[in-house]
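What follows is one structure encoded as structure tokens, with my remarks underneath.
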Amino acid sequence: DSNEKALALTAKWNHIPGVLKVRTVRNEVEVSAFEENWANIRTIIIKDAPDSLFHETLAVMPDCIYGFGCVGDLPDPMTGQEFLKQMADYVPAAYWTMCGDLPVKIRRAAICPGSGASLADKAFAAGADIFITGDIKYHAALDAKGFLLDVGHFSLEEEMMRRFCAMLQKELPSVAFQYFPSSDPLRLYPVNRKNGPKSETTL
């Protein structure tokens, strides 16, 4: 049927030189490529599906392309302990998870909110002395090439939403925006093997 044909073409066109991405949407196939490669790709598409109808759309690139995280130099280098002490004023949490040796001096820091451990290698390759993120998995910690600081998924995104709301209020004063504080769904469960479990603690 038409859906099976679309899936087959998707698999085939995914290997055309110059194609960035191919996906099946219902019974249609979407092909993405840079404009300079489109002429050759179009020839192959017409040959494989001569009776098909297709619509060409020129994508408009943004003025700037941003990644998921950022890296930057501190105004002045500081000790690892000084850095963590200042971090506590901006990222409140009952505890953080650390991996690797805390640097004696921190000159450059990298951060990626959410589960950004997969970007750790790129951060350290860019010269970061510390990489701050949330939800660092076990194997990411084992493979880490530098000092990782997991301050929790919630704390980073909660602060992000607060600042985003404030920014929208400033940029669009005629529109009402409301920031609703939330709470971390994860809780600590301290274990005391002699006297039984202690009370729960929110992260």
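The values are calculated or read from the model by the stated rules, or taken from the named source; none is laboratory data. Model, not experiment: these values are computed from the prediction. Note: ideal-geometry Cβ built from the backbone for every residue, glycine included; neighbour counts use all protein chains shown. When the accessible area is computed, the model is the full protein with side chains, heavy atoms only, and any ligands, DNA or RNA have been set aside. Shrake-Rupley method; radii C 1.70, N 1.55, O 1.52, S 1.80 Å.
Over the chain, calculate the relative contact order: mean separation of alpha carbon pairs under 8 Å at least 6 apart, over the residue count, as a percent.
Relative contact order, the chain: 13 percent.
Kindly state, to the nearest 0.05, the FRET efficiency for Met161 paired with Thr79, given R0 = 30 Å and r defined as their beta-carbon distance.
Result of the calculation: an efficiency of 0.45.
On alpha carbon coordinates alone, what is the Rg over Rh value for the chain, Rh being the Kirkwood radius? Write out the running numbers ahead of the final one.
Working: Rg = 24.3 Å, Rh = 21.6 Å.
So for the chain, dividing Rg by the Kirkwood Rh gives 1.13.
Compute, for the chain, the length of the dipole vector about the Cα centre, with Cβ point charges of +1 (Lys, Arg) and -1 (Asp, Glu) only. Units Debye, rounded to 20.
620 debye
Measure nothing but the geometry: give the 0 to 90° angle between the long axis through the Cα atoms of 153-171 and the longest principal axis through the Cα atoms of the chain, rounded to 10°.
The helix 153-171 is inclined about 70 degrees to the chain.
Provide Trp38, Trp13 ordered by accessible surface of protein heavy atoms (probe 1.4 Å), highest first.
Trp38, Trp13
Given the whole protein assembly as supplied and a 1.4 Å probe, what does the accessible area of Leu74 come to in Å², nearest 10?
Answer for Leu74: close to 40 Å² accessible.
State in Å² the accessible area per residue of the chain; use a 1.4 Å probe, count heavy atoms of protein chains only, and round to the nearest integer.
74 Å²
Take the alpha carbon atoms of segment 1-18, find their center, do the same for segment 27-75, and report the distance between the two centers in whole angstrom.
So the separation of the two Cα centres works out to 16 Å.
Using the alpha-carbon atoms, what tilt in degrees (0 to 90, nearest 10) does helix 2-13 show relative to the longest principal axis of the chain?
Helix 2-13 and the main axis of the chain meet at about 70 degrees.
Pairs on different chains or at least eight residues apart, Cα atoms closer than 29 Å: how many lysine pairs in segment 1-119 fit?
Pairs that pass both the separation and distance tests number 6.
Provide Rg over Rh for segment 1-115; use the alpha carbon set for both Rg and the Kirkwood Rh (inverse mean inverse pair distance).
Ratio of gyration radius to Kirkwood radius: 1.28.
Considering amide H positions built from the backbone, and no H for Pro or chain starts, which residues 5 or more places from Tyr179, or on another chain, come under 5 Å of its amide H?
For Tyr179, no residues qualify.
Please give the contour-minus-distance gain from Gln169 to Val191: 0.36 nm per residue of separation, less the Cα-Cα distance, rounded to one decimal in nm.
3.5 nm
Toward the positive end of the charge dipole of the chain, about the Cα centre and with charges on Cβ (Lys, Arg +1; Asp, Glu -1), which of Ala126, Gly69, Leu156 goes farthest?
It is Leu156.
How large is Rg over Rh for segment 1-40, taking Rg from the Cα atoms and Rh as the Kirkwood inverse mean of 1/r across Cα pairs?
So for segment 1-40, dividing Rg by the Kirkwood Rh gives 1.00.
Once both labels are modelled 7 Å past Cα along the beta-carbon direction, what's the Lys47-Glu28 spacing in nm?
2.6 nm
With every atom except the alpha carbons ignored, what do you get for Rg and Dmax of segment 133-186, in angstroms?
Rg then Dmax for segment 133-186, in Å: 16.0, 50.
Whats the longest run of the chain with zero GluC sites (Glu not before Pro) that are DSSP loop and have at most 10 other Cβ atoms within 10 Å?
No qualifying site falls inside 57-199, the longest such stretch.
Which one of Gly80, Gly146, Tyr189 has its Cα pushed farthest toward the positive end of the charge dipole of segment 63-203, where Lys and Arg give +1 and Asp and Glu give -1 at the Cβ?
My answer, from the dipole projection, is Tyr189.
With the Cα gyration tensor of segment 92-203 giving a ≥ b ≥ c as the square roots of its eigenvalues, does the rule (a/c under 1.5 for rounded; else a/b larger than b/c for prolate; else oblate) give rounded, prolate or oblate?
Since a/c reaches 1.5 but b/c is at least a/b, the shape of segment 92-203 is classed as oblate.
Are there chymotrypsin sites (Phe, Trp or Tyr not before Pro) in segment 98-203 that DSSP puts in a loop and that have at most 15 other Cβ atoms within 10 Å, and which ones? Provide the component values of the computation, followed by the final result.
Numbers: sites: Phe124, Phe131, Tyr138, Phe147, Phe154, Phe164, Phe177, Tyr179; in loops: Phe177, Tyr179.
Filter output for segment 98-203: Phe177, Tyr179.
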